[in-house]
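Bear in mind that the values in this text are calculations on the coordinates, not laboratory data. All values derive from a computational prediction rather than experimental measurement. Every residue, glycine as well, gets a Cβ built from its backbone with ideal geometry; the counts of neighbours run over all protein chains shown.
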Amino acid sequence: MTAPPVESSPSVALDGCVLRRPIEDVELVLAEAAERSFPAREADTLGICLKRGPAHSLVADGRSLIYPADAISIRPPDCVWSVANTGPVAFLSLDVARSFLPESLRVDRMTFVPASVLPGFAAAVRAMAGGDAPQAVDEAVAGVLADLHQGAAIAARELDDAGRPAALRRARRVLAERAADCPTLDHLAAEVGANKFVLLRQFKRELGVTPRQYAVLMRLARAREALARGAHIAEIAARWGFADQAHLTRQFRAAFGLTPGRYARQVRSASASRTRAARRRRG
């Protein structure tokens, strides 16, 4: 007599997942497709989770809910929730501590939004998990929150504030003066008297880049000027906050399409050509 097949039990919670804590206030979880169960739990964080897979049921604060297929959940701090079986799903999860969040943030209950509300969420989480600098992680998380607010998934008074254009001008001056040592988003916002979420949104709306990316552009501009004056590449890298000569070379090539050495040679060649032409005219 053949024994009946034994049904496999789902993995419990985060077993086999990849966990990262790129900055103190943020935890990331990356999970490959699997069936999982989450016993009842409470976390003092804002949870944002992009799930890829079929719909499944869960319980949140005593309510039975359906987590839609291929959707993002927003879980408020202090929510008590559980899942008996997710089915075969993969997910990217971001837990943000209260210390990072806007003080007036309100998410009254667990909600779900289409993945289209956060088109860049998956890429941002993977970049954070890949070892980006703390400043980059800080800006990426703030950007996720700003996008959620724009999609009406969360509410916060700070994010409703349009901010003062003068704050953006002051921030640009600060970054220009301190291009070699970019302050964190928190420090920059405090220095110019602006909310960091609003300041980040102003940079992205008006300039198309984050404050950290703007600082990198400033450093590259200074490096280009120094190369044109004949400074050595290693000296420029140390002066303008690049980790080393190779770091400067990678970023310079990404921005301008050629290496610093090749750019310097082109500048010298152009200068020599101008000198020869001037001599011929005088000649």
### Summary
Going through region 179-215 in order, the residues found to be part of a loop (DSSP other than H, G, I, E, B) and crowded, with 16+ Cβ neighbours inside 10 Å are 179, 182, 183, 184, 194, 195, 210
### Query
Looking only at strands (runs of 3 or more DSSP E) that fall completely inside region 26-141, which ones have 2 or more residues that are touching a Pro at 6+ places or on another chain (Cβ under 7 Å) and surrounded by 18 or more Cβ atoms within 10 Å (Cβ to Cβ)?
45-52
### Query
Can you name the residue in region 150-164 that is touching a residue at least 12 places away in the same chain (Cβ under 8 Å) and assigned to a helix (DSSP H, G or I) and is also surrounded by the most Cβ atoms within 10 Å (Cβ to Cβ) among such residues?
159
### Any hit, region 249-272, residues being in contact with an Asp or Glu (Cβ under 7 Å, 6 or more places away or on another chain) and among the small types (Gly, Ala, Ser)
no
### Message
Please count how many residues of region 188-223 are free of Cβ contacts under 8 Å to residues at least 40 places away in the same chain and touching a Phe, Trp or Tyr at 6+ places or on another chain (Cβ under 7 Å).
### Response
5
